[in-house]
Amino acid sequence: MTTSYIRALLLWVFLSLGFKALTQQSNPQFFQPQLFFTLGEASGYTANFGLSSRHEYSYLDGASFDARFLGVAHFSSLAIGNGQKIGLGLMYRFSKAFDDNKTNELRLTQQYHFASKPHSIRFSHRFRLEERFFSQDTFIRVRYRFGLDFPLNGQKLNVKETYSLIQLESLLTSHKSLSPRYDLRVSGGLGKWVHPNLKVQLTLQHRFDQLGQQEKGKWFVLLGGYIKI
């Protein structure tokens, strides 16, 4: 099986996912724009700063498009060789300003990331441990994400070229007085390397929430800009 055939198959999977999203009667749905800034690498160290917001679209009682939170984040990662990185993250979400029934969140993240690229397809594994602090509650979440991405032309991604990505992530959330919660996220997307210091990416994601307890899921459209300073 050639690399070109594999990439064509993966792109077909992504397009099928997109078609299903358009026909899915899921309510509500979410749009989440994100903007990330990466400071120059030095000795394998990278610093990232991000801004994000979430907007909910619902059509049960008439169409509505409401903001849900504004988030600010910092993430530091250090390359430790052979495609491996370790990292620490800090994020704060302002939710109460948009919904009086919500509370703001402080989130700490510890991460291990491994990536390899035997051919034109890059494979990645990401393990995360998160501590989520709300006003009166603390949740611990363990996450594992398998992903792959590849250029749509040639063996190597160059400036002004397009790439595709597919990701599968499982999440386990625990709380001292609640039963463990299992979630699953499936994502497919397209991105473009617009400028040596700029990439844009559009991702369609379906989240299966509380597996084994309910069958309802949610659709997310993630629009990201990645700027290298």
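The values are calculated or read from the model by the stated rules, or taken from the named source; none is laboratory data. None of these values were measured; they are calculated from a predicted model. Glycine also receives a Cβ, built like all others from the backbone with ideal geometry; neighbour counts cover every protein chain displayed. Heavy atoms of the whole protein, side chains included, go into the accessibility calculation; ligands, DNA and RNA do not. Shrake-Rupley method; radii C 1.70, N 1.55, O 1.52, S 1.80 Å.
Out of everything in the range 213-229 that is of a type outside the set (A, V, I, L, M) and not in a strand (DSSP E or B), what residue ends up being most open to solvent (accessible area, probe 1.4 Å)? Filtering the range 213-229 for residues that are of a type outside the set (A, V, I, L, M) and not in a strand (DSSP E or B), the one most open to solvent (accessible area, probe 1.4 Å) comes out as GLU215. Listed by first and then second residue, the pairs linking a residue in the range 131-144 that is in contact (Cβ under 8 Å) with a residue 12 or more places away in the chain to a residue that is part of a loop (DSSP other than H, G, I, E, B) and charged (D, E, K, R), with Cβ atoms under 6 Å apart and 6 or more places separating them unless they lie on different chains, form an empty list. Here SER76 does not qualify as modelled with pLDDT of 95 or more, at negative phi and either exposed (fewer than 13 other Cβ atoms within 10 Å of the Cβ) or under 16 Å from the mean Cα position of the chain (by Cα) (or both).
Filtering the range 174-192 to residues that are open to solvent by 20 Å² or more (accessible area, probe 1.4 Å) and either under 26 Å from TYR112 (Cβ atoms) or part of a loop (DSSP other than H, G, I, E, B) (or both) leaves SER174, HIS175, LYS176, SER177, PRO180, ARG181, TYR182, LEU184, ARG185, VAL186.
Number of residues in the range 138-172 that are in contact with a Ser or Thr (Cβ under 8 Å, 6 or more places away or on another chain), at negative phi and outside any strand (DSSP E or B): the value is 4.
Scanning the range 193-202 for residues that are open to solvent by less than 80 Å² (accessible area, probe 1.4 Å) and under 20 Å from GLY147 (Cβ atoms) turns up TRP193, LYS199, VAL200, GLN201. Looking only at residues of the range 133-152 that are within 17 Å of the chain's Cα centre (by Cα) and of a type in the set (D, E, K, R), we find that the one that is farthest from LEU108 (Cα to Cα) is ASP149. Does the range 7-29 contain any residue that is modelled with pLDDT of 90 or more and either closer than 25 Å to PHE150 by Cβ or out of contact with any Asp or Glu (no Cβ under 9 Å at 6 or more places or on another chain) (or both)? No: the range 7-29 contains no residue that is modelled with pLDDT of 90 or more and either closer than 25 Å to PHE150 by Cβ or out of contact with any Asp or Glu (no Cβ under 9 Å at 6 or more places or on another chain) (or both). For the range 93-108, a residue qualifies if it is open to solvent by less than 50 Å² (accessible area, probe 1.4 Å) and assigned to a strand (DSSP E or B), and the qualifying residues are ARG93, GLU105, ARG107. No other residue among GLN205, GLN210, GLN111 is under 19 Å from the mean Cα position of the chain (by Cα), on the phi > 0 side of the Ramachandran plot and open to solvent by less than 70 Å² (accessible area, probe 1.4 Å) apart from GLN210.
If you filter the range 30-61 down to residues that are open to solvent by 40 Å² or more (accessible area, probe 1.4 Å) and more than 30 Å from ILE121 (Cβ to Cβ), you find that the one that is modelled with the highest pLDDT is LEU51.
Among the residues of the range 153-173, those that are among the polar types (S, T, N, Q) and either open to solvent by less than 40 Å² (accessible area, probe 1.4 Å) or under 13 Å from the mean Cα position of the chain (by Cα) (or both) comprise SER164, GLN167, SER170, THR173.
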